[in-house]
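Below is one structure, written out as structure tokens, with a few remarks after it.
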Amino acid sequence: MKVSEEIKSALISAFHPIRLEVEDFSAEHAGHAGNPENRPEGTHLRILLITSEFAQKTKVEQHRMVYSILKPWIDRGLHAITLETSDRG
């Protein structure tokens, strides 16, 4: 299973999203500081996550919630995350 699919599955389980997009753009950064091994996936992601779980939460709280789910992948080399969160679509 691709890293982006693993992450998408984990985010679905944790947040039951209204809308979720996970895009892996690691290949665009091959050879850069965040991807010196030229890994084709799992180092750079764009995530859009809309869920009612974020109601009454600040952006910082929302992002902390997401980062807590992403920690295993961050520990394995997820270097950059572009994260957009909301409680309504």
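Would segment 39-55 turn up any residue that is hydroxyl-bearing (S, T, Y) and modelled with pLDDT of 90 or more? Give the derivation first.
To start, the set of residues in segment 39-55 that are hydroxyl-bearing (S, T, Y) comprises 43, 51-52.
Then keep just the ones that are modelled with pLDDT of 90 or more; that gives 51-52.
Taking every residue of segment 39-55 in turn, at least one turns out to be hydroxyl-bearing (S, T, Y) and modelled with pLDDT of 90 or more.
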Can you tell me which residue within segment 7-38, out of those that are open to solvent by 70 Å² or more (accessible area, probe 1.4 Å) and on the phi > 0 side of the Ramachandran plot, is modelled with the highest pLDDT? H16
Between residues in segment 60-77 that are under 15 Å from S13 (Cα atoms) and of a type in the set (V, I, T) and residues that are in a helix (DSSP H, G or I) and open to solvent by 30 Å² or more (accessible area, probe 1.4 Å), which pairs lie under 7 Å by C-beta distance while being six or more apart or on different chains? I69/A14
Quickly run through segment 56-86 and pick out the residues that are assigned to a loop (DSSP other than H, G, I, E, B) and modelled with pLDDT under 95. R76, G77, L78, H79
Index of the failed condition, S4 passing every other in (1) assigned to a loop (DSSP other than H, G, I, E, B); (2) of a type outside the set (A, V, I, L, M); (3) modelled with pLDDT under 95: (1)
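The values are calculated or read from the model by the stated rules, or taken from the named source; none is laboratory data. This one's a predicted model, so the numbers in the text were calculated from it and none came from an experiment. As a convention, Cβ positions derive from the backbone with ideal geometry for all residues, glycine included, and neighbour counts pool all protein chains shown. Each accessible area value is taken on the protein alone, full model and side chains, heavy atoms only, with ligands, DNA and RNA left out. Shrake-Rupley method; radii C 1.70, N 1.55, O 1.52, S 1.80 Å.
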